[in-house]
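I have placed the structure first, in the form of structure tokens, so that the comments after it can refer back to it.
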Amino acid sequence: MPLPLEGIRVLDLGISTAGPYAARFLADLGADVVKVEPLAGENARSLGLRYGDAGYLFHVNNYNKRSLVLKVQDPRGRQAFLDLVAQSDVVIENFAVGTMDGWGIGFEACRAANPSIVYCSAKGFGESGVLRNKRAFDTVVQGLAGLMDTTGSGADPLKGGPSVCDLLTAAASVMATVSAITDRGPGESVFVDTALFDMGAWSLAWLWPVIESGNVAAASRLGNRHPHAAPFGSFACSDGELFIAVEDQPAWAALAAVIGADAGWTEPTRKAHEGEIDDRLAAWLGPLPKWDASARLQAIGVAATPVLLLEELSAHPLMTARTLVTEVDHPQFGKVPLLRSPLAVAGHHRPPIRKLQPPLGHDTAEVVGGLPGGAHRLATLRDAGVVAP
């Protein structure tokens, strides 16, 4: 069965996470994604734990892509890029505001080269607003977008574990880009403006009623708690932690029968008696293994699961059942345990790995060879140091 974006070409100039991850999603859906890299390669090639000579973030974000090394700051490289735009459907980038325009390949230049281009700009603070020109990384944005105020406990703010704003922005960029591809008319370009800040603030939607009510303290430093629901949190078992979330009356009634509490307590009453409920749960859970406790509670309709250590997660049979990790044997990088796409596509349990993560400039000759001037142009650009040798 063909993948939904087959026949769509994407030029990916992204760095680090949000841009490359969004382009990887499009590649998972069948798009031909050409990763446009500088002569030294995209920065993620040198970040974090390495497999071969590339960081793991690069491996995860860049399989199913081709790699083109092109110095877009050079006038000849800029023209080659715009000629590629004329043959493409989408451009994705997440540089600081003004960077692409400074190189002469921003939205207006791309639209001139291809009036039907979809241009996705994923920024820290977006293309508009008082902070548009400020530098941003995920953790910085988590602080400004309010996430750090809701996590942790006590006096200190705490960042979320993963790069949540990056990942949310990548997902939003994919949805907006696919919608633009579907909706654009002949000769109609689309500018997609996504921002880490927008997604961070949006992710707190469930807390906005609390904030608007004026009871800001109820939404601050929640840790594992919930502003309204109880019991809601992590509890010690004999061999680890169990997380319990009770958000409706039937679940509470079932749990109350187990711990000897009043089954008629409503949500506000439960919140008022949260300490007492926690004490009863602690006494009941303390002697039980976490998986045993989880099974007992799940059987009566209470959402409860063990809090897994990372090594427990990697060994959990659900990871195998969901085919989330596979090992690839890369001719340059060696064996890499590759985290698969979380997408599920009709006809495929997971989108297929059609191309392994590309060595730097691996597809330069093929991509540039398809431009006007072909092999002669490729040779000229190579001699000038504008493309990979």
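The calculated FRET efficiency for the pair Asp248 and Ser116, based on their C-beta separation and a Förster distance of 56 Å, comes to about 0.70. Relative contact order of the chain: 18 percent, from C-alpha pairs under 8 Å at least 6 residues apart in sequence. Sequence-ordered 3J(HN,Hα) estimates for segment 363-376 from the Karplus curve with 6.51, -1.76 and 1.60 and θ = phi - 60° stand at 10, 4, 4, 5, 6, 5, x, x, 8, x, x, x, 5, 5 Hz, glycine and proline given as x. Taking 0.36 nm per residue of sequence separation and removing the Cα-Cα distance, the Val216/Ala379 pair yields an extension gain of 52.4 nm. Extension gain, Glu327 to Thr182, is 48.8 nm, computed as 0.36 nm per intervening residue step minus the present C-alpha separation. Look at the alpha carbon pairs under 8 Å that are at least 6 residues apart: their mean separation over the length of segment 188-264 gives a relative contact order of 13 percent. Projecting the alpha carbon convex hull of segment 53-120 along each direction and taking the average yields 5.4 nm².
Fewest neighbouring Cβ atoms within 10 Å first, the residues Thr151, Thr169 line up as Thr151, Thr169. Amide H to amide H distances under 5 Å link Thr305 with Phe243, where only residues 5 or more positions off or on other chains count and H is placed in the peptide plane. Computed from phi, the 3J(HN,Hα) profile of segment 217-227 under the Karplus parametrisation 6.51, -1.76, 1.60 (θ = phi - 60°) reads 4, 5, 9, 9, 6, 6, x, 8, 8, 10, x Hz, with x in place of Gly and Pro. Scanning residues 5 or more positions from Leu338 or on other chains, those with amide H under 5 Å from its amide H are Thr326, Glu327, Val328, with H placed 1.01 Å from N in the peptide plane.
Over 27 Å apart at the Cα level, from the set Lys71/Lys134; Lys290/Lys335; Lys123/Lys335, are Lys290/Lys335; Lys123/Lys335. Here segment 232-262 and segment 10-78 have alpha carbon centers that stand 46 Å from each other. Packing order of peptides 305-316, 187-198, highest average first: 187-198, 305-316 (average count of other Cβ atoms within 10 Å over each peptide's residues).
Approximating the spin labels as points 7 Å out from Cα along Cα→Cβ, the Phe191-to-Ser234 distance works out to 4.4 nm. The length gained by stretching the chain between Arg132 and Ala86 to full extension, at 0.36 nm per residue less their Cα-Cα distance, is 13.7 nm. Cβ crowding within 10 Å, taken as a proxy for footprinting-reagent exposure, orders Asp12, Asp239, Asp28 from fewest neighbours to most as Asp239, Asp28, Asp12. Rounded to the nearest whole Hz, the Karplus-based 3J(HN,Hα) values (6.51 cos²θ - 1.76 cosθ + 1.60, θ = phi - 60°) of segment 83-97 follow the sequence 5, 5, 4, 4, 9, 10, 10, 9, 10, 10, 8, 9, 6, 4, 4, with x at glycine and proline. In percent, rounded to a whole number, the relative contact order of segment 232-313 is 44, using alpha-carbon pairs under 8 Å and six or more apart. Computed from the Cβ-Cβ distance with R0 of 30 Å, the FRET efficiency linking His316 to Leu39 stands at 0.10. If r is the Cβ-Cβ distance from Glu6 to Leu339 and R0 is 25 Å, what FRET efficiency results, to the nearest 0.05? So, using R0 = 25 Å, E works out to roughly 0.60. Listed from fewest to most Cβ neighbours within 10 Å, the set Ser213, Ser116 follows the order Ser213, Ser116. Taking the structure as given and computing log10 I(q)/I(0) by the Debye sum over Cα atoms at q = 0.10 Å⁻¹, which label from (i) -0.89; (ii) -0.64; (iii) -0.78 fits? It is the one labelled (iii).
Of Ala375, Ala172, Ala80, which has the largest mean-square fluctuation in a 10 Å C-alpha GNM of the chain? Sorting by GNM fluctuation, first place goes to Ala375. Only helices enter the 222 nm calculation for the chain: every DSSP H run of n ≥ 4 contributes -39,500 (n - 2.57), and dividing by all residues gives -10500 deg cm²/dmol, rounded to 500. Beta-bridge orientation, the chain: approximately 50 percent antiparallel, per DSSP, counting only bridges with both partners inside. Per the Debye formula on identical point scatterers at the alpha carbon atoms of segment 132-224, with no solvent, log10 I(q)/I(0) at q = 0.13, 0.23 Å⁻¹ is -0.54, -1.13. Database remark: amide H of Val118 closer than 5 angstrom to the amide H of Val90, Val91, Val190 (H placed geometrically; neighbours at sequence offset of 5 or more, or on other chains; Pro and chain starts carry no H).
None of the figures in this text is laboratory data; all of them are computed from the coordinates on show. Quantities reported herein were computed from a predicted structural model and do not represent experimental measurements. When we count neighbours, we look across all protein chains shown, and the Cβ atoms used for this are built from the backbone with ideal geometry, even at glycine.
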